[in-house]
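The block underneath contains the structure these notes are about, expressed in structure tokens.
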Amino acid sequence: MSRLKLDRVLLGSLLGAVALASAGLWTWSDPAYANAAQAPAPAARAAAPIPGLSRQPTPAARDALIDPNDTVVLLLDHQTGLFQTVKDVPLRDLRGNTVALAKIAELAKVPIIYTASEPGGSNGPIMEELAAAMPNAVYVPRKGEISAWDNADFVKAVEATGKKTLVIAGVWTSVCVAFPALQAKADGYKVYAVIDASGDVSPMATDVTVARMTHAGIVPVSTNVILCEFQRTWNRPDAAAWGALYSELVPHYRAVSESYRKAQDVAKQANGR
């Protein structure tokens, strides 16, 4: 048989095998593939009802939004030395959003794990106001690893929470956020990157990093989105505390609240009450 005919026969055999496999009539002979194909799907995690909702979401709809009960917040390298290199977001906004993110997690009782890169060196200490905003957070020191996901103690701390959804913010976005986000996503976690509580050396650096993370299945979000998804409803006993966070995070929302309260006071006075 000529080489050309042999190639055609081999190609035909391969295409036939693919067709049979697609039809479910044949499986690859590799035992690993066969075992994977026969392995049962993992059992779905039982989800508790979400309080305060008049309609409980379907499993698919529930999965579309962040579940605070399955989430841990990771705050990475929010250090004063690194802040001086940030050029893509005003420093005041970066600090404010980071503190707000910590307060949101504390109010929602979502665990926080934070770390720093060489805090005794030029990267500087963690911003002072952050620690005050998250008294229940766990600090994990690193041993020189650039990516927090390369530090055994850090990953153990995440695993100890039992959560499978990560909300990550840090400085720089392209390194301290992206590296562990990409690695955790590859390890099977759902990952959200809070872009306005993170910073980088240029807008371009942030843009290409967001594109890279999105391509890998990581979801870019804002601090305000985390606030709304963790709260989920105003029909809850701590609604006033959530309202205070809105006023802190969104100054225009605070102005709306103040205007409404003033209008209510004027109406009461006009009615003689």
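The values are calculated or read from the model by the stated rules, or taken from the named source; none is laboratory data. Being a predicted model, the structure only gives us computed values, none of them experimental. Because the Cβ atoms are built from the backbone with ideal geometry, glycine has one as well, and the counts that use them run over all protein chains shown.
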| said: Yes or no: segment 99-122 includes at least one residue that is in a helix (DSSP H, G or I), buried (at least 22 other Cβ atoms within 10 Å of the Cβ) and of a type in the set (F, W, Y). | reply: no
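Rundown of residues vs (1) modelled with pLDDT of 95 or more; (2) touching a Cys at 6+ places or on another chain (Cβ under 9 Å); (3) within 23 Å of V221 (Cβ to Cβ), yes/no style:
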site	(1), (2), (3)
T27	no, no, no
A39	no, no, no
V72	yes, no, yes
L94	yes, no, yes
K109	yes, no, yes
A131	no, no, no
P135	yes, no, no
| request: Within segment 117-133, track down each residue that is in contact (Cβ under 8 Å) with a residue 40 or more places away in the chain and under 22 Å from the mean Cα position of the chain (by Cα). | output: S117, I126, M127, L130
| note | Restricting segment 222-264 to residues that are assigned to a loop (DSSP other than H, G, I, E, B) and of a type in the set (A, V, I, L, M, F, W, C), the one modelled with the lowest pLDDT turns out to be V250
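With under 18 Å from L94 (Cβ atoms) and in contact with a helix residue (DSSP H, G or I) (Cβ under 8 Å, 6 or more places away or on another chain) as the only criterion, which of D207, D196 stands out?
D196
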| query | Looking at segment 53-76, which of the residues that are touching a Pro at 6+ places or on another chain (Cβ under 9 Å) and not in a strand (DSSP E or B) is surrounded by the fewest Cβ atoms within 10 Å (Cβ to Cβ)? | reply | A64
| message | Looking at A160 and the list (1) surrounded by fewer than 20 Cβ atoms within 10 Å (Cβ to Cβ); (2) touching a strand residue (DSSP E or B) at 6+ places or on another chain (Cβ under 8 Å); (3) closer than 19 Å to K190 by Cα, which single condition is not satisfied? | response | (2)
| message | Need the failing condition index for L182 against (1) in contact with a strand residue (DSSP E or B) (Cβ under 7 Å, 6 or more places away or on another chain); (2) crowded, with 16+ Cβ neighbours inside 10 Å, just the number. | response | (1)
| said: Within segment 139-150, does at least one residue satisfy the condition of being modelled with pLDDT of 95 or more, under 15 Å from the mean Cα position of the chain (by Cα), over 24 Å from S202 (Cα atoms) and in a loop (DSSP other than H, G, I, E, B)? | reply: no
| field | Qualifying position, being surrounded by 13 or more Cβ atoms within 10 Å (Cβ to Cβ) and farther than 30 Å from W149 by Cα, among E258, E248 | value | E248
| note | Checked segment 226-245 for anything surrounded by fewer than 18 Cβ atoms within 10 Å (Cβ to Cβ), more than 11 Å from I104 (Cα to Cα) and under 22 Å from the mean Cα position of the chain (by Cα); matches are T233
